[in-house]
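Remarks on the structure that follows.
The values are calculated or read from the model by the stated rules, or taken from the named source; none is laboratory data. What you see is a predicted model, and the numbers here were worked out from it, not measured in a lab. Glycine gets a Cβ as well: all are built from the backbone with ideal geometry, and neighbour counts include every protein chain shown.
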Amino acid sequence: MILTNDNTDIDRRARLAAFNWLNNQVRIHGDVLPRPILAQGFQFENQRVPLVAPQGIFKPKLLPQIPLSITTTPEGPYDDSFGPDGLLLYRYRGSDPQHRDNAGLRMAMFRKVPLVYFHGVVPGKYLAVWPVFIVGDEPENLTFKVAVDDMSLMDSGLYSGTDAPSVSDTGAEARRAYITASVRNRLHQRGFRERVLRAYREQCAFCRLRHLELLEAAHIIPDGEPDGEPIVKNGISLCKFHHAAFDRLLLGVRPDYVIEVRKDILKEKDGPMLLHGLQGLHHQRIILPRPKDLQPNPDLLDRRYQRFRAAG
């Protein structure tokens, strides 16, 4: 297909519409989006435009040649990872470099066209990242290199097809490496949260609150410390209030999964929130994941509990 000016204009407007729609969805749901919303997509010029499909490299019918999104799934067959240069490695579809999907991403690289990247953090939920650019092609490894960039540059009109800067342009490489590294960290954080909340059946382990927008994944051993890994056995699903209290050692959890409230807090008199929100938890057992292999590691809990004891 030979691209005309009309095709190029439709492609540009449809991508910007997709980015704007995603921005609105993130405001509503957060940056981890459920697959049904992405599969339903949005309306553009009386056409429905989905953002994902069963294949990882997806081009909706509306677009003339270049895919709109690339997707990884937690249970998928492709080993997507980050390379030593910090850029995302995205596997080809299949083993044929000339497969139309691979050719479409190669065209996105040559024409410097922005895409959306959906990273599956748990089955059915995806971290949405955009704009991303294909910045390298490694046929010998059946892999593309992908960099994340700044959406404000899209908004400013800097990216307009062939006028977009390449990854080797002054400042672009460093900027994209920095932004991609921040996305990598966000992937770990969101993946940890989603896995922990799913294990605890999307409720606070202390008070049973079920409002997802108020739930967080608390580290037992803090992130950045030895053994502070983002794994479910080092996490507890907590509401924002109890997460803050746990982090500040106002309460602790014994290795037998029983909550203790700090002695000075038990003696305070400060209204119903203190009484029911903290003091009432003393000697209560936390809610646990049903699978034993997802329950908090008692050794990690004991180390955290000793810090709680020392603080009280």
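Looking at Leu38, Leu105, Leu68, just one residue is touching a helix residue (DSSP H, G or I) at 6+ places or on another chain (Cβ under 9 Å) and under 18 Å from Ile134 (Cα atoms), and that residue is Leu68. Where strands (runs of 3 or more DSSP E) fall entirely within segment 14-64, those with at least 3 residues that are in the same structural domain as Phe144 (by TED's automatic domain parsing) and over 25 Å from Arg190 (Cα atoms) are at 47-49. Quick one: is Gln284 closer than 21 Å to Gln203 by Cα, without any contact (Cβ under 8 Å) to a residue 24 or more places away in the chain and touching a strand residue (DSSP E or B) at 6+ places or on another chain (Cβ under 8 Å)? Here the answer is no, as Gln284 does not meet what is asked.
Tell me, please, whether a residue that is under 23 Å from the mean Cα position of the chain (by Cα), assigned by TED's automatic domain parsing to the domain that holds Leu301 and surrounded by 15 or more Cβ atoms within 10 Å (Cβ to Cβ) can be found in segment 243-259. Checked against the condition, which is being under 23 Å from the mean Cα position of the chain (by Cα), assigned by TED's automatic domain parsing to the domain that holds Leu301 and surrounded by 15 or more Cβ atoms within 10 Å (Cβ to Cβ), segment 243-259 yields at least one hit. Residues in segment 275-312 that are among the hydrophobic types (A, V, I, L, M, F, W, C) and either closer than 23 Å to Val196 by Cα or surrounded by 15 or more Cβ atoms within 10 Å (Cβ to Cβ) (or both): Leu278, Leu281, Ile286, Ile287, Leu288, Leu294, Leu300, Leu301, Phe308. Within segment 246-263, can one find any residue that is in contact with a Gly (Cβ under 8 Å, 6 or more places away or on another chain), touching a residue at least 24 places away in the same chain (Cβ under 8 Å) and among the basic types (Lys, Arg)? Checking segment 246-263: at least one residue is in contact with a Gly (Cβ under 8 Å, 6 or more places away or on another chain), touching a residue at least 24 places away in the same chain (Cβ under 8 Å) and among the basic types (Lys, Arg). Checked against (1) at pLDDT below 90; (2) surrounded by 15 or more Cβ atoms within 10 Å (Cβ to Cβ); (3) part of a loop (DSSP other than H, G, I, E, B); (4) of a type outside the set (Asp, Glu), Thr8 meets all criteria but (3). Restricting Leu238, Leu266 to those that are free of Cβ contacts under 8 Å to residues at least 60 places away in the same chain, closer than 24 Å to His188 by Cβ, outside any loop (DSSP other than H, G, I, E, B) and of a type in the set (A, V, I, L, M, F, W, C) reduces the list to Leu238. Which pairs have Cβ atoms under 8 Å, sit 6 or more apart or on different chains, and link a residue in segment 97-115 that is at negative phi and free of Cβ contacts under 8 Å to residues at least 12 places away in the same chain to one that is part of a loop (DSSP other than H, G, I, E, B) and of a type in the set (D, E, K, R)? As it stands, the answer is His99/Arg93, since those pairs meet every condition given. Restricting attention to segment 221-242, the residues that are closer than 16 Å to Asp299 by Cα and either among the hydroxyl-bearing types (Ser, Thr, Tyr) or not assigned by TED's automatic domain parsing to the domain that holds Asp293 (or both) add up to 0.
For segment 89-127, filtered to residues that are aliphatic (A, V, I, L, M) and in contact with a Phe, Trp or Tyr (Cβ under 6 Å, 6 or more places away or on another chain), the residue that is nearest to Phe19 (Cα to Cα) is Val116.
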